[in-house]
Amino acid sequence: MNVTGSDFTALLPLIILAVTAIVVMVGAAIRRSHALSASLTLIGLAISIGSLWIAAPLLPRQVTPLLMMDHYAVFYIGLIAASSIITVLLAYGYFEKYEGSHDELYILILVATLGSAVLVASSHFVSLFLGLELLSVSLYAMIAYPRRRPLPLEAGIKYLVLAAVSAAFLLFGMALVYGAFGTMEFGEIAARLARPDFNLWLVLPGTALIITGFGFKLALAPFHLWTPDVYEGAPAPVSAYIATVSKGAMFALLLRYFYQTGSHELEPLHLVFSIIAIASMFGGNILALLQNNVKRILAYSSIAHLGYLLVAFQASGDLAPTAVAFYLVAYFVTTFGAFGVVTVLSDGTRDADLIEDYRGLFWRRPAIAAIFTAMLFSLAGIPVTAGFIGKFYVVAAGASAAMWSLVVILVVTSAIGLFYYLRIVVALYSQSTQTPATTSLARPGVVSLIFLSAALIYLGLFPSPLLALIHRLMPGLI
């Protein structure tokens, strides 16, 4: 199938990401410079975001059967690229404390971002799997980076083995669905699923295997076992990337696939997703209570938050995509902020990931302690934060679909989650015998934290502009 000039323009954000990765790779081959590679990466990501406005007038556009470039894809590509900019800023300050050049990390971030962008625009099993592998293979190396440290290497190997297994489940599931319908296009699957003569005994096992593959990438219970070890072992900026960009792209794909194919209307899947949501909400919050490591707490917290998102996903209707989109934006801001604090406080020998590392932080670095407090309150869903508005919309979506049992469980488990967030907050404001810190913090990381804090409060007080943007871009998904 020929690709026209309009198709090329519609794909411009993805093309710029790919070209930037090549430019950074060539630049690193000519001259090893951490600052140059980070700068080129930031420029490429900024241009990719800018190109969304060039592509927008041509959308929606089906670019070959593989990619649907529509406003839904544009919204999530913009969110992914902006999040990657935050990742680069955090990573630059973090790895400046380590000896050697780190140019290859930015190539990996760009390739992972490209894979994530392909995922949110996928309308075919082939593009789904290609985007997933671009993302996954990059994450293998990012988690284990730099390879001289044993803990990231162990986390990278764990993720590699388990991700390979989940990819096998996903492929087998896609094969069964293809066997049932004879097509791999989401639109064609929807048309054939509407017929009464489809083979349910192939569709249900195939869909179950696809859910298993999605469940692993999203770290939903009971597919979550890799999450705390990988979050703890990976460098703090990479943990932030996994918790946000990787999961956000997969959830956007989950929403597109199940809504566009109509698979979410299969009655047995309601029970399956309800069980997964309940297990994630309870498991994530209860297991987090047992942790003394901040990165592991955030890992289990992310499992619970994805369980909350499944409540909105199950609600269907027009409110579901809005609730999911706003919640993901709020979750991205707060999670980046929380991991950003861990990043800027890490000293180049180890990550500042124990609760004891934060005891009395307010008396040493009051501004950082205040930012961390705001992020934790947002994750807990306290009013005047973005997290509260996001959780309100998820509850509203569940209530609109009369899913009262899931809504009640969401509220109860959120109350459980408040306890472990407050454990960290109490440590922040406890009296400390440590002397005030005198070392300077990395400026890019501090700038990122200031921006994220402003976004957190702004979205909590004035959510209307983002909600209006979401309403304008989301129609047409369902």
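The values are calculated or read from the model by the stated rules, or taken from the named source; none is laboratory data. Since the structure is predicted, the reported quantities are computational estimates derived from the model, not experimental observations. Ideal geometry is used to build each Cβ from the backbone, glycine not excepted, and the neighbour counts take in all protein chains shown.
Annotations for the structure displayed:
- So Ser274, is it polar (S, T, N, Q), surrounded by 23 or more Cβ atoms within 10 Å (Cβ to Cβ) and assigned to a helix (DSSP H, G or I): no
- Here Pro268 meets the list (1) free of Cβ contacts under 8 Å to residues at least 60 places away in the same chain; (2) part of a helix (DSSP H, G or I); (3) surrounded by fewer than 16 Cβ atoms within 10 Å (Cβ to Cβ); (4) touching a helix residue (DSSP H, G or I) at 6+ places or on another chain (Cβ under 7 Å) almost entirely, failing just condition (1).
- With respect to the stated conditions, Leu66 is in contact with a Ser or Thr (Cβ under 7 Å, 6 or more places away or on another chain) and in contact (Cβ under 8 Å) with a residue 24 or more places away in the chain.
- When residues of segment 277-322 are limited to those that are over 23 Å from Tyr393 (Cβ atoms) and polar (S, T, N, Q), the one surrounded by the most Cβ atoms within 10 Å (Cβ to Cβ): Gln291
- Taken together, Ala299, Ala236, Ala279, Ala243 contain a single residue that is in contact (Cβ under 8 Å) with a residue 12 or more places away in the chain, out of contact with any Gly (no Cβ under 7 Å at 6 or more places or on another chain), closer than 20 Å to Leu114 by Cβ and among the small types (Gly, Ala, Ser), which is Ala243.
- Helices (runs of 4 or more DSSP H) completely within segment 71-187 that count 3 or more residues being surrounded by fewer than 22 Cβ atoms within 10 Å (Cβ to Cβ) and touching a Phe, Trp or Tyr at 6+ places or on another chain (Cβ under 7 Å): 150-181
- Looking only at segment 342-362, and only at residues there that are assigned to a helix (DSSP H, G or I) and among the aliphatic types (A, V, I, L, M), the one that is nearest to Ala243 (Cα to Cα): Val342
- Matching residues in segment 298-320 - criterion: being under 30 Å from Val341 (Cβ atoms), more than 16 Å from the chain's Cα centre (by Cα) and of a type outside the set (Gly, Ala, Ser): Val311
- Matching option when the condition is at pLDDT below 90 and within 23 Å of Thr87 (Cβ to Cβ), among Thr334, Thr349, Thr343, Thr322: Thr349
- Matching residues, segment 135-173, being more than 18 Å from the chain's Cα centre (by Cα), of a type in the set (Phe, Trp, Tyr) and modelled with pLDDT of 90 or more: Phe169, Phe172
- Those residues of segment 377-425 which are surrounded by 22 or more Cβ atoms within 10 Å (Cβ to Cβ) and charged (D, E, K, R), in sequence order: Lys391
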